[in-house]
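As structure tokens, the structure follows; a few thoughts come after it.
The values are calculated or read from the model by the stated rules, or taken from the named source; none is laboratory data. Predicted model only: the values in this text are computed from it and were never measured. No Cβ is skipped: glycine too gets one built from the backbone with ideal geometry, and neighbour counts run over all protein chains shown.
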Amino acid sequence: MMNADSDIQVWLERLGQAQPAVIVPYVRSASAHQLRYKLKATKTGPNGRSVIGQGGNLQVVAGQSAPLGKMTITYGPEDDCQVDVILYETGQEYARFEFECPPNES
């Protein structure tokens, strides 16, 4: 899910297929932005619920992809796993994205 008025693209990449999974959210925009971001990964399954989060500042250069850091989480096919990315500009929420974690292919 994203803010239709923003020119921001956000996507997730998973580094390798090993567990725990290393997930990297990326941001790209046609225009330059000075943003703050918050990331939250939530896993819910038979063994309980885990939530991890991080945040920081990001200088988006027009036309260039930028990683938002790395998140490490273990999840399996029986788990629900979601990553939320919230971007802020000038103290206001600019865009919000919700993703399912990339699939396990092991």
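For the chain, which fully contained strands (runs of 3 or more DSSP E) count at least 1 residues that are surrounded by 13 or more Cβ atoms within 10 Å (Cβ to Cβ), modelled with pLDDT of 95 or more and among the aromatic types (Phe, Trp, Tyr)?
Values: elements: 8-15, 21-29, 33-45, 48-60, 71-73, 80-89, 92-100.
Hits in the chain: 8-15, 21-29, 33-45, 80-89, 92-100.
Among the numbered criteria (1) over 15 Å from the mean Cα position of the chain (by Cα); (2) under 11 Å from Lys38 (Cβ atoms); (3) not charged (D, E, K, R), which one does Gly56 miss?
If we test Gly56 against (1) over 15 Å from the mean Cα position of the chain (by Cα); (2) under 11 Å from Lys38 (Cβ atoms); (3) not charged (D, E, K, R), just (1) comes out false.
Between a residue in segment 57-76 that is on the phi > 0 side of the Ramachandran plot and any residue that is in a loop (DSSP other than H, G, I, E, B), which pairs come within a Cβ distance under 7 Å, given they are 6 or more apart or on different chains?
Sorted first by the residue in segment 57-76, then by its partner, the pairs are Gly63/Ala30.
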